[in-house]
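Heads up, the thing below is written out as structure tokens.
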Amino acid sequence: MSLKDVKHIALVLSGKGGVGKSSVTTQLALTLSLHGYSVGVLDVDLTGPSIPRFFGVEKEKVRQAPGGWIPVPVHEQQTESQNGNGHAVGSGHGSLHCMSLGFLLANRGDAVVWRGPKKTAMVRQFLSDVHWGTLDYLLIDTPPGTSDEHISLVETLLKEATSEQMAGAVIVTTPQAISISDVKKEINFCRKTGVQILGVIENMAGFVCPNCSECTNVFSKGGGRVMAQEFEVPFLGSVPIDPMFIRLIEEGRRPVYPEGTVVDGQAIATNAESEELDTGLLVDKYTACSLHPLFDGMVKELITTIER
């Protein structure tokens, strides 16, 4: 298998659509890369592949190699760089590559109209035919539910990957009761299939206003923590909606916040708008996002749990 040189494999799951699995996967990958790890992201959401757009590489195409595909690079490994005045202009980070069905479609808007057996075959092909090389972490972004893709994915991983490689799953939910009731099914799915639950992330638990310093709990907050306590699994944290993160993904612009902005008790640094701030790699711009400190704490906890 192409996974033989992957140290740790983690799934990002949810029993409900629209909770932000791809957003969470993207930020986990960027944060792991900022910690110096080599990271791969596999998008097995076959009918709604969004990982290429999140990383700004949707116009790229995968390259063929003997026996499979070479994943698309988002950025390569880099040590901290400095300009002529000795000031840091780029942070050190590990490499980041991704693979998605979106790279194989002729047009971005093409619909994938497949029955279950073809989806199952595609998932297995992704797990066997992508030449990742040596990776510290492989994150797998999954579709909602507990359907064909999930069963095929878990069965193949449990059969072919070692217990040391299979780190477990991160469960994503939103605070609303209807979302939590669906996500509970995903936790039961993990327990029935023997997949360890690394923790629960409560997404969309607030709104970071781009015009003032308020962070408002639009969809309430705390439901994810209660669910994690009920099932006795780790709660990794709550993540608000940040329009500046959306601007970073859609426009490639570095996040900028009003003075005095506080998210989850942490003051967010403000930067003056300039063209220089909008240059550079996505991973460097992400360090200015209000969500980065939150994911940095979650990733440190995940690394401790996985490498324990």
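The values are calculated or read from the model by the stated rules, or taken from the named source; none is laboratory data. The structure displayed is predicted, hence computed values, not measured ones. Glycine gets a Cβ as well: all are built from the backbone with ideal geometry, and neighbour counts include every protein chain shown. Just the protein is used for accessible areas: all its heavy atoms, side chains included, with ligands, DNA and RNA removed. Shrake-Rupley method; radii C 1.70, N 1.55, O 1.52, S 1.80 Å.
Observations on the structure shown:
- With the charge dipole of the chain set up from +1 on Lys and Arg Cβ and -1 on Asp and Glu Cβ about the Cα centre, the Cα lying farthest toward the positive end among the listed residues G199, I151, Q229 is that of I151.
- Long-range amide H partners of F235 with built H, under 5 Å: V200
- Per-pair calculated FRET efficiency, R0 = 51 Å: E230 and K118 via Cβ, rounded to 0.05: 0.85
- Measuring between their Cα centroids, the range 229-302 and the range 165-188 lie 22 Å from each other.
- Most fluctuating residue given options G222, G68, G265, as computed from a GNM of the chain linking Cα atoms under 10 Å: G265
- Computed from the C-alpha gyration tensor, the three semi-axes of the ellipsoid equivalent to the chain are 29, 25, 18 Å, from longest to shortest.
- Cβ charges +1 (Lys, Arg) and -1 (Asp, Glu), total dipole of the range 1-86, debye: 220 debye
- Debye, to nearest 20: dipole size of the range 90-153, +1 on Lys, Arg Cβ, -1 on Asp, Glu Cβ: 220 debye
- As a fraction of the 1.4 Å probe accessible area of the range 63-208, surface on carbon and sulfur atoms comes out at 50 percent.
- Here the range 128-175 is assigned +1 on the Cβ of each Lys and Arg and -1 on the Cβ of each Asp and Glu. Its dipole about the Cα centre then comes out at about 120 debye.
- Residue (of H131, T173, C190) at the positive-pole extreme of the range 119-220, dipole from beta-carbon charges: C190
- Scattering profile of the range 189-247 at q = 0.13 Å⁻¹ [log10 I(q)/I(0), Debye over alpha-carbon scatterers]: -0.43
- Highest average packing first - 52-62, 92-102, 194-204, Cβ atoms within 10 Å: 92-102, 194-204, 52-62
- Anisotropy class assigned to the range 92-236 is prolate, per the alpha carbon gyration tensor with a/c at or over the 1.5 cut-off and a/b larger than b/c.
- Residue list for the range 24-42, given a label point 7 angstrom along the Cα-to-Cβ vector of K221 and an amide N cut-off under 11 Å: none
- Distant-in-sequence amide H partners of M204 (H built 1.01 Å from N, under 5 Å): V239, I241
- Over all orientations, the range 39-82 has a Cα convex hull whose mean projected area works out to 4.6 square nanometres.
- Charge-dipole axis of the chain as Lys and Arg at +1 and Asp and Glu at -1 on Cβ define it, positive-most pick from S50, M244, Y37: S50
- For L11, the residues whose amide H sits under 5 Å from its own are I140, G168, A169, V170, ignoring neighbours fewer than 5 places away on the same chain, with H placed 1.01 Å from N.
- Whole-number accessible area per residue in Å² for the chain, which is evaluated in the context of all protein chains at 1.4 Å: 45 Å²
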